[in-house]
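*Asks:* My structure is below; once you've seen it, I'll send some questions.
The values are calculated or read from the model by the stated rules, or taken from the named source; none is laboratory data. None of the values given here were measured: they were computed from a predicted structure. Heads up, the Cβs are rebuilt from the backbone with ideal geometry, glycines too, and the neighbour counts pull from every protein chain shown.
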There are 2 protein chains.
Amino acid sequence: MRIGAIEAGGTKFVCGVGNEHGVIEDSVSFPTELPEPTLERVIAYFSDKNVEAIGVGSFGPLDINRDSATYGYVTTTPKPGWNGYDVLGKLKKRFDVPYGWDTDVNAAALGEAKWGAAQGLDSCVYYTVGTGIGVGVLAEGKLVHGLIHPEGGHVLPRRHPDDDFPGLCPYHGDCLEGMAAGPSLEARWKAKGHELAPDHPAWAIEAYYLAQAVTGAILMLSPQKVIMGGGVMQQPQLFPLIREEVRRNLAGYVNAPAILSNIGDYIVPPGLGSRAGLCGALALGLEALTSRG
Amino acid sequence: MRIGAIEAGGTKFVCGVGNEHGVIEDSVSFPTELPEPTLERVIAYFSDKNVEAIGVGSFGPLDINRDSATYGYVTTTPKPGWNGYDVLGKLKKRFDVPYGWDTDVNAAALGEAKWGAAQGLDSCVYYTVGTGIGVGVLAEGKLVHGLIHPEGGHVLPRRHPDDDFPGLCPYHGDCLEGMAAGPSLEARWKAKGHELAPDHPAWAIEAYYLAQAVTGAILMLSPQKVIMGGGVMQQPQLFPLIREEVRRNLAGYVNAPAILSNIGDYIVPPGLGSRAGLCGALALGLEALTSRG
């Protein structure tokens, strides 16, 4: 199979071609500009690739409701030019193939379940912690959409007792994203994450917020795996801190060996590493092909 | 069809017989005692009912993993005698029919999606707020199990600024259940809920906690309906307070008409009223029959 994959990020687009085993054979990356020139580059890339299907994992919010008149659109993003842009419509005009279309984080969750850290499982929660915080959810083998799609980056954590940072979210101030995304980390400490030593107090506070979100995800969804990627999670010292906080928060209540004894294999980085997003888009394309082809 | 339904609560058991339209034709209720005498009463009730399947919605935690050696057991409950009791095994010895088996709150979520407030929808979150707080989750048409099953009564809300109640949860102290279940309400105000006037400050604080949990559920799961039942929710003044708090928490971020314009139809009491639990068990029995029969 030859499947097209598009990781449509707010900062950069990655396009690739891969197969049903999750192997990316070719890929290209370019900055996200206004929608028309960006999509023209996507179309130019795929014009000689002969793909049988295309999967798109996109920054959001998105309309992923197949019954909606604006299915395939990016909706209420503040990103200039993209609000209400019909991404899927633009692609469909050029390539008449089955399409998969979901959030970048739902795509990554699916890719991880097919070929990565959640392989063989039918549930996982995927966090990306970078410029913003996004959450993808796979439950009982299906990506969760519901009314719109999960927006779990904006849950409301308790404030760390040593933290008086007001938070940067324009909607909520001190929600998870407002307190723990990359820009908040940088604004609080006047330094970028990679400039802070692994034992800097920043990481305990960062883990405190992220662990509350993960605790909430475990209590609401009981996922079989929690996967955490994105730029901020490149700091490996965060994982043991988050695991410890999650166990402290749960206090033995969720009586599962995965949490009580094996939490090191439960809250993990993406098995697909930096390819999680593109492989996720590939997985969406594969699903579109196999469910309709 | 003649389907048996068992609402196995920590305080009382309700047994009934109903049909595929959600109509309960007969039912009986008795207090929950030690497991053997309780199950003997259940068996006596069904002995002349000729049911084709039985659905059980039970207090938990439960083992609902079909591949587990202890599938059908109540697991780590503090309730005397029930820890590790094989509920389903006991029933199967007597009645050789298909069984549905899930948490009481997952059952109620399913029943509400079949015949109640979430009819025709493929996602909803069901809260029961009573002696404890439980959460059932239906996502993409399936009840969410994952590692164990949702335990969303124990999420960690922010403390209300006017509240210094320490919380009653033996695991977490001031988790949602510790702050907002019936016993906490009573301990905080030295009065039962129904003794407090509708404009008592208790209700704003109660709504503050419950709304945080609902906000988190919306952000993580994007359900098409949020249903809130149980003894505490019999105070109708809670609904408008919770809806207002949820909208304040979301601050317009989740751009869905269901929330922005129609929240009165979005956060609602059970459409099946006090029958939600038993109808939920009936729905589990119906699913067991139609998926295997």
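*Asks:* Output yes when any residue across the stretch B:158-175 is modelled with pLDDT of 95 or more and within 30 Å of residue B:119 (Cα to Cα), and no when none is.
*Replies:* no
*Asks:* Please go through the stretch A:271-293 and pick out each residue that is of a type in the set (D, E, K, R) and either modelled with pLDDT of 95 or more or not in a helix (DSSP H, G or I) (or both). Please lay out each step first, then the result.
*Replies:* Initially, the stretch A:271-293 is screened for residues of a type in the set (D, E, K, R), giving A:275, A:287, A:292.
Correct list: A:275, A:287.
Yes or no, residue by residue, for (1) within 20 Å of residue A:94 (Cβ to Cβ); (2) touching a strand residue (DSSP E or B) at 6+ places or on another chain (Cβ under 8 Å); (3) of a type outside the set (Phe, Trp, Tyr):
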| residue | (1), (2), (3) |
| --- | --- |
| A:7 | yes, yes, yes |
| A:11 | no, yes, yes |
| A:17 | yes, yes, yes |
| A:21 | no, no, yes |
| A:24 | no, yes, yes |
| A:28 | yes, yes, yes |
| A:40 | yes, no, yes |
| A:49 | yes, yes, yes |
| A:71 | yes, yes, no |
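*Asks:* Tally the residues that are among the β-branched types (Val, Ile, Thr), in contact with an Asp or Glu (Cβ under 9 Å, 6 or more places away or on another chain) and within 14 Å of chain A (Cβ to nearest Cβ), restricting the search to the stretch B:241-293.
*Replies:* Step one: filter the stretch B:241-293 for residues among the β-branched types (Val, Ile, Thr), giving B:242, B:246, B:254, B:259, B:263, B:267-268, B:290.
Now narrow it down to the ones that are in contact with an Asp or Glu (Cβ under 9 Å, 6 or more places away or on another chain): B:242, B:254, B:263, B:290.
If we keep only those that are within 14 Å of chain A (Cβ to nearest Cβ) as well, we get B:254, B:263.
Residues that pass the stated criteria total 2.
*Asks:* Within the stretch A:96-106, can you find the residues that are free of Cβ contacts under 8 Å to residues at least 24 places away in the same chain and in contact with a Phe, Trp or Tyr (Cβ under 6 Å, 6 or more places away or on another chain)? I'd like the intermediate steps shown before the answer.
*Replies:* Pass one, the stretch A:96-106, residues free of Cβ contacts under 8 Å to residues at least 24 places away in the same chain: A:96.
Result: no residue meets the conditions.
*Asks:* Looking at the stretch B:241-260, can you tell me whether even one residue there is more than 26 Å from residue A:149 (Cβ to Cβ), in contact with a helix residue (DSSP H, G or I) (Cβ under 6 Å, 6 or more places away or on another chain), in the same structural domain as residue B:181 (by TED's automatic domain parsing) and not charged (D, E, K, R)?
*Replies:* Initial filter on the stretch B:241-260 (more than 26 Å from residue A:149 (Cβ to Cβ)): B:241.
Restricting the remaining residues to those that are in contact with a helix residue (DSSP H, G or I) (Cβ under 6 Å, 6 or more places away or on another chain) gives B:241.
After this cut, where a residue has to be in the same structural domain as residue B:181 (by TED's automatic domain parsing) as well, the list is B:241.
Subset that is not charged (D, E, K, R): B:241.
For the stretch B:241-260, residues more than 26 Å from residue A:149 (Cβ to Cβ), in contact with a helix residue (DSSP H, G or I) (Cβ under 6 Å, 6 or more places away or on another chain), in the same structural domain as residue B:181 (by TED's automatic domain parsing) and not charged (D, E, K, R): present.
*Asks:* Given the structure, is residue B:224 polar (S, T, N, Q), in contact with a Ser or Thr (Cβ under 7 Å, 6 or more places away or on another chain), more than 20 Å from residue B:10 (Cα to Cα) and within 12 Å of chain A (Cβ to nearest Cβ)?
*Replies:* Criteria met by residue B:224.
*Asks:* Then there is this: Limited to the stretch A:81-125, what total is found for residues that are closer than 26 Å to residue A:208 by Cβ, within 14 Å of another protein chain (Cβ to nearest Cβ) and in contact with a Lys or Arg (Cβ under 9 Å, 6 or more places away or on another chain)?
*Replies:* Total satisfying the criteria: 4.
*Asks:* From the list A:223, A:198, which one is within 22 Å of the chain's Cα centre (by Cα) and touching a residue at least 12 places away in the same chain (Cβ under 8 Å)? If you could, list the steps in order and put the result at the bottom.
*Replies:* On the way: A:198 fails: within 22 Å of the chain's Cα centre (by Cα).
Only one candidate qualifies: A:223.
*Asks:* Another question, then. What number of residues in the stretch B:107-128 are within 14 Å of residue B:8 (Cα to Cα) and in contact with a Phe, Trp or Tyr (Cβ under 8 Å, 6 or more places away or on another chain)?
*Replies:* Total satisfying the criteria: 1.
*Asks:* Can you name the residue in the stretch A:102-150 that is touching a His at 6+ places or on another chain (Cβ under 8 Å) and charged (D, E, K, R) and is also surrounded by the fewest Cβ atoms within 10 Å (Cβ to Cβ) among such residues?
*Replies:* A:140
*Asks:* Among (1) closer than 22 Å to residue B:156 by Cβ; (2) buried (at least 17 other Cβ atoms within 10 Å of the Cβ); (3) within 11 Å of chain B (Cβ to nearest Cβ), there is one condition residue A:167 misses while meeting the rest; what is its number?
*Replies:* (3)
*Asks:* Kindly indicate the residue of the stretch B:152-162 that is in contact with a Phe, Trp or Tyr (Cβ under 7 Å, 6 or more places away or on another chain) and crowded, with 19+ Cβ neighbours inside 10 Å and also farthest from the other protein chains (Cβ to nearest Cβ) among those meeting that condition. Full working, then the answer.
*Replies:* Going through the stretch B:152-162, the residues in contact with a Phe, Trp or Tyr (Cβ under 7 Å, 6 or more places away or on another chain) turn out to be B:154, B:157, B:160.
In the following step, the residues that additionally are crowded, with 19+ Cβ neighbours inside 10 Å were identified as B:154, B:157.
Numbers: B:154: 5, B:157: 8 Å.
Checked the stretch B:152-162; the qualifying residue farthest from the other protein chains (Cβ to nearest Cβ) is B:157.
*Asks:* Regarding the stretch A:73-95, can at least one residue be identified that is without any contact (Cβ under 8 Å) to a residue 60 or more places away in the chain and buried (at least 24 other Cβ atoms within 10 Å of the Cβ)?
*Replies:* Within the stretch A:73-95, one or more residues are without any contact (Cβ under 8 Å) to a residue 60 or more places away in the chain and buried (at least 24 other Cβ atoms within 10 Å of the Cβ).
*Asks:* From the list B:187, B:197, B:204, B:181, which residue is surrounded by fewer than 21 Cβ atoms within 10 Å (Cβ to Cβ) and within 22 Å of residue B:78 (Cα to Cα)?
*Replies:* Exactly one residue qualifies, and that residue is B:187.
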